[in-house]
Amino acid sequence: MLEAKYSQLGIENKISLNVKIKENFNFLGIKKDPLVGKMVNLLMKNGKRSKAEKVLNKAFQLLDEKYPGRALHIFYFGVFEARRDIGIRLKPRAKKHRAVNAFSVYLPYTISSVRGLNSGMRALLAASRRRSASRPFWYNLSQEILEASLGRGEVVSKRYSLNKLADSNKRRVHLGSLPIFPLISY
């Protein structure tokens, strides 16, 4: 039934979509990895940990099928490419200046490394949810992780545009009370 559905959709690689679930989640030694555990926690909805583990397991198996033994490395490269270093917040103008120019000001600020990794993983999940719903979620997740590890994709381009926006507003860093990013000099 699934094969007929995929043939109607024009998906040519049916073998990669019919990934067999291996015995357990520990086929690559990833059960105790802290970054994988965090990704499972972010994937989990309504406390369904086993479903989140199955989705991530299938995504890793698809990566392992294409690149044998490198699935965890690809995952790490993808997460580190997707991580955020700089955040941007909007600061409204003072009331007396709003009559002249009502636009808010973008203020760049630093993000801790843990929060940056967390927001990068959230961005990977959001981008894979925005992909085509005709394919399974684990397939979209594996493709998004693979593209991020290669330095392409929606998540990486969004990160670069955020850094570009922070770079164009680095002269306004002194207006914010949050710590200054060390690479932004004005």
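For region 17-34, indicate whether the set of residues that are modelled with pLDDT of 85 or more and part of a helix (DSSP H, G or I) is non-empty.
yes
All but one of (1) free of Cβ contacts under 8 Å to residues at least 40 places away in the same chain; (2) part of a helix (DSSP H, G or I) hold for PHE103; state the number of the condition that does not hold.
All conditions are met except number (2).
Suppose we filter region 35-50 for residues that are touching a residue at least 12 places away in the same chain (Cβ under 8 Å) and either of a type in the set (Phe, Trp, Tyr) or over 17 Å from ARG115 (Cβ atoms) (or both); how many remain?
Number satisfying all stated conditions: 3.
Just to be sure, is TYR139 over 29 Å from LEU90 (Cα atoms), not β-branched (Val, Ile, Thr) and not in a loop (DSSP other than H, G, I, E, B)?
Considered against the rule, which asks whether it is over 29 Å from LEU90 (Cα atoms), not β-branched (Val, Ile, Thr) and not in a loop (DSSP other than H, G, I, E, B), TYR139 comes out as yes.
Among the residues of region 77-106, which ones are at pLDDT 85 or above and either out of contact with any Asp or Glu (no Cβ under 8 Å at 6 or more places or on another chain) or under 13 Å from ASP167 (Cα atoms) (or both)?
If the condition is that a residue be at pLDDT 85 or above and either out of contact with any Asp or Glu (no Cβ under 8 Å at 6 or more places or on another chain) or under 13 Å from ASP167 (Cα atoms) (or both), then PHE77, VAL79, PHE80, GLU81, ALA82, ARG83, ARG84, ASP85, ILE86, GLY87, ILE88 are the ones that fit.
Can you go through GLY78, GLY151, GLY69 and tell me which one is surrounded by fewer than 13 Cβ atoms within 10 Å (Cβ to Cβ), in contact (Cβ under 8 Å) with a residue 60 or more places away in the chain and within 30 Å of LYS54 (Cα to Cα)?
GLY151
The values are calculated or read from the model by the stated rules, or taken from the named source; none is laboratory data. Source: prediction; values computed, not measured. All Cβ positions, glycine included, derive from the backbone under ideal geometry; neighbour counts span all protein chains shown.
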